[in-house]
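To start, the structure itself, in structure tokens.
The values are calculated or read from the model by the stated rules, or taken from the named source; none is laboratory data. Worth saying up front: this structure is predicted, and the values here are computed from it rather than measured. Backbone-built Cβ (ideal geometry, glycine too); neighbour counts: all protein chains shown. Heavy atoms of the whole protein, side chains included, go into the accessibility calculation; ligands, DNA and RNA do not. Shrake-Rupley method; radii C 1.70, N 1.55, O 1.52, S 1.80 Å.
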Amino acid sequence: MAFSHMSRRTMLKGATAAGALAATSSELFAQGARRPAPLPPRREFVIRGATVLTMDSNIADLASGDVHVRDGAIVAVGARLNARGARAIEGRGMVAMPGFIDTHWHLWTSLFRPFVRADVDAVGYFPVSNRLGQLMMPEDSYRSVRLGVAEALSAGVTTVHNWAHNVRSPEHADAELSAMRDLGIRGRFAYGPAQGMPDDQVMDHAGLARIKRDWMPNDGMLTLGICSRNVGAMSIGGGARGTLTIEMVKKDWDGARALGLPITVHTSGPSPVMQLEEAGLLGPDLQLVHPLLTTPEERAILKTRGVSYSTAPTGEARRPSAVGVIQLGEMLEAGVKVSLSTDHTTNYNCDPFVAMRILFALHQHRIGNKIPLTVKRLVQLATLDGAVDLGIADKSGSLTPGKRADIILVRTSDINMTPVGDPYEALVSMGQPVNVDTVIVDGRILRQAGKFTALDHARVVREARDAAMALRDKAKWPT
Ligand SMILES: [Zn+2]
């Protein structure tokens, strides 16, 4: 890839320029600068005899069908396809479906798993990530994102929106993008502020422009946006993500929009929708995160403006009800675009099945049949709707001929799944990441039989742990 060498060089240059590198970080960086294992090639193959869930309203699901893939694209979907010469992949006993699309994930915090406690506020997600995040070098970012992306792929996630709100230098962005590219996942990189950055400091638009110049466009796998600090009011997390006045929001967002880049922002705490509307800042290039506290009037505005909302149910369900409830039913009823996300993996794991299950449970608990919610709609939320949110529905999110081949095979013969009746019911009510047998991104088979085909899994784990422990020592944790 043309940018491969260049980006590595930029990373190295950045690390040197940072000057104050501790010896340990230097060594870690040097290790990370080794070339990663090449991605598996895009071959021609045909998945035979699977239960095919297309998520395309114009293409019927098949109880037993085939998916033909060539040069990274879906060529055909149907029964007993004529695909002579294509390598056959056994699909019997499996569901073939589009890969999950995760629309908000702070991959840079994946390293903090050993330190974060779900039940002890002092070492909760925000204090730990805020403190250790300020010590991260580009190589730490690389290893953290690589660990998170490896987990994403293992859970059947083929696209991730990397919500990178600890871009301490453009070289940190290079590192995060490199990790995404090296593992072969599709995604958007949302360039953010750095942990500890003053709220009256405008985001680094020059760095953002440099990243855009060096990384965009590419082979179609990665896109770019920004993630914004919070708007208006102190929110959950004690303001660790930063909290901006509407004037500062304008400055940050105008700079991103001048570069043609989309924006994402959390709305934890009091809803900023009316403030953003009055400032003329809402638009279809905006994604909000955590649909918890909106009013009917605000939802009508969001629909009109084409704004989307990402819900991360596993974390949201842990929040006190005082900061709102997951308004999935209300959003769907109002016609607001909604998608599904993991948020982070420091005190829970990536599990799109559980995310769908929690959404369904809480919807039934609070609303029930007053607003119908089907299990199929939940699978759509986790696939096609994510592609719509990220603006990539022309290339991913459904098994549609002409789209890129982002496909997963989920084993339905496993003990927790079998015997299967309605496949959507099985996925939402019974599915687990361990059932994800095969993961294909852009026609590359990245996982098969539940294992990575090329990635050195042990190395990813070892180097993530080493980086986490080095950060702990650097912070003189836990004092
Ligand atoms: Zn988040």
| Inter-residue pairs, beta-carbon under 8 Å, first without any contact (Cβ under 8 Å) to a residue 40 or more places away in the chain and open to solvent by 10 Å² or more (accessible area, probe 1.4 Å) and in segment 83-105, second within 16 Å of the ligand (Cβ to nearest atom) and outside any loop (DSSP other than H, G, I, E, B), 6+ apart | none
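So is Thr438 among the hydroxyl-bearing types (Ser, Thr, Tyr) and either without any contact (Cβ under 8 Å) to a residue 12 or more places away in the chain or surrounded by fewer than 19 Cβ atoms within 10 Å (Cβ to Cβ) (or both) or not?
Criteria not met by Thr438.
Quick one: is His172 modelled with pLDDT of 95 or more, open to solvent by 30 Å² or more (accessible area, probe 1.4 Å) and not aliphatic (A, V, I, L, M)? So that I can check it myself, show each step before the final result.
On the way: modelled with pLDDT of 95 or more: yes; open to solvent by 30 Å² or more (accessible area, probe 1.4 Å): no; not aliphatic (A, V, I, L, M): yes.
No, not satisfied.
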| remark: A careful count of residues in segment 283-298 that are more than 16 Å from the ligand (Cβ to nearest atom) and within 12 Å of Thr267 (Cβ to Cβ) gives 2
| Which of the following residues is in contact (Cβ under 8 Å) with a residue 24 or more places away in the chain and crowded, with 22+ Cβ neighbours inside 10 Å: Leu390, Leu373, Leu332? | Leu390
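Sort out which residues of segment 99-121 are over 9 Å from the mean Cα position of the chain (by Cα) and not aromatic (Phe, Trp, Tyr), and write them in order of number.
In the first step, residues of segment 99-121 are kept if they are over 9 Å from the mean Cα position of the chain (by Cα); the result is 99-100, 108-121.
Gly99, Thr109, Ser110, Leu111, Arg113, Pro114, Val116, Arg117, Ala118, Asp119, Val120, Asp121 - these are the residues of segment 99-121 that are over 9 Å from the mean Cα position of the chain (by Cα) and not aromatic (Phe, Trp, Tyr).
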| note | The residue that is most open to solvent (accessible area, probe 1.4 Å), considering only those in segment 272-282 that are assigned to a loop (DSSP other than H, G, I, E, B) and more than 16 Å from the ligand (Cβ to nearest atom), is Gly280
| task | Identify, from the list Asp140, Asp119, the residue that is among the charged types (D, E, K, R), assigned to a loop (DSSP other than H, G, I, E, B) and over 29 Å from Ala393 (Cβ atoms). | result | Asp119
| request: Mind listing whichever residues of segment 294-312 are under 21 Å from the mean Cα position of the chain (by Cα) and of a type in the set (Lys, Arg)? | output: none
| said: Would you confirm whether or not segment 185-201 contains a residue that is free of Cβ contacts under 8 Å to residues at least 40 places away in the same chain, more than 16 Å from the ligand (Cβ to nearest atom) and assigned to a helix (DSSP H, G or I)? | reply: no
| field | Residue under evaluation Val354, criteria (1) in contact with a Pro (Cβ under 9 Å, 6 or more places away or on another chain); (2) open to solvent by 30 Å² or more (accessible area, probe 1.4 Å); (3) more than 30 Å from Ala73 (Cα to Cα), criterion not met | value | (3)
| task | Provide a single number: the residues in segment 328-349 that are within 16 Å of the ligand (Cβ to nearest atom) and within 18 Å of Asp385 (Cα to Cα). | result | 6
| query | Exactly one of (1) within 16 Å of the ligand (Cβ to nearest atom); (2) in a strand (DSSP E or B) is unmet by Val95. Its number? | reply | (1)
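Of the residues that sit in segment 122-145 and are away from the ligand (no atom under 16 Å from the Cβ) and open to solvent by 10 Å² or more (accessible area, probe 1.4 Å), which one is farthest from Thr346 (Cα to Cα)?
Just the residues of segment 122-145 that are away from the ligand (no atom under 16 Å from the Cβ), to begin with: 122-123, 131-132, 134-143.
If we keep only those that are open to solvent by 10 Å² or more (accessible area, probe 1.4 Å) too, we end up with 122-123, 131, 134-135, 137.
Values: Ala122: 15, Val123: 11, Arg131: 14, Gln134: 17, Leu135: 17, Met137: 19 Å.
The residue in question is Met137.
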| Quick one: how many residues across segment 197-206 are out of contact with any Gly (no Cβ under 6 Å at 6 or more places or on another chain), open to solvent by 30 Å² or more (accessible area, probe 1.4 Å) and not small (Gly, Ala, Ser)? | 6
| In segment 256-267, which residues are crowded, with 22+ Cβ neighbours inside 10 Å and of a type in the set (Gly, Ala, Ser)? | Ala256
| Can you tell me which residues in segment 207-230 are open to solvent by 30 Å² or more (accessible area, probe 1.4 Å), in contact (Cβ under 8 Å) with a residue 40 or more places away in the chain and touching a strand residue (DSSP E or B) at 6+ places or on another chain (Cβ under 9 Å)? | Lys212, Thr223
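Kindly indicate which of Val67, Val77 is of a type in the set (Val, Ile, Thr) and open to solvent by less than 10 Å² (accessible area, probe 1.4 Å).
Details: Val77 fails: open to solvent by less than 10 Å² (accessible area, probe 1.4 Å).
None of the other options fit; the residue is Val67.
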| task | Take segment 283-302 and flag every residue that is over 17 Å from Arg241 (Cα atoms) and open to solvent by less than 20 Å² (accessible area, probe 1.4 Å). | result | Gly283, Leu286, Pro291, Leu292, Thr294, Glu298, Leu302
| request: Considering only residues that are more than 16 Å from the ligand (Cβ to nearest atom) and out of contact with any Leu (no Cβ under 7 Å at 6 or more places or on another chain), look in segment 303-327 and name the one that is least open to solvent (accessible area, probe 1.4 Å). | output: Gly306
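Could you say which residue among Thr314, Thr264 is in contact (Cβ under 8 Å) with a residue 40 or more places away in the chain and farther than 23 Å from Gly335 by Cβ?
Thr314
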| If the Cβ limit is 8 Å and pairs must be 6+ apart or interchain, which residue in segment 343-359 that is charged (D, E, K, R) pairs with which residue that is more than 13 Å from the ligand (Cβ to nearest atom) and part of a helix (DSSP H, G or I)? | Asp351/Pro433; Arg357/Val428; Arg357/Ser429
| task | Could you check Asp119 against (1) open to solvent by 10 Å² or more (accessible area, probe 1.4 Å); (2) away from the ligand (no atom under 15 Å from the Cβ); (3) at pLDDT 95 or above and say which number it fails? | result | (3)
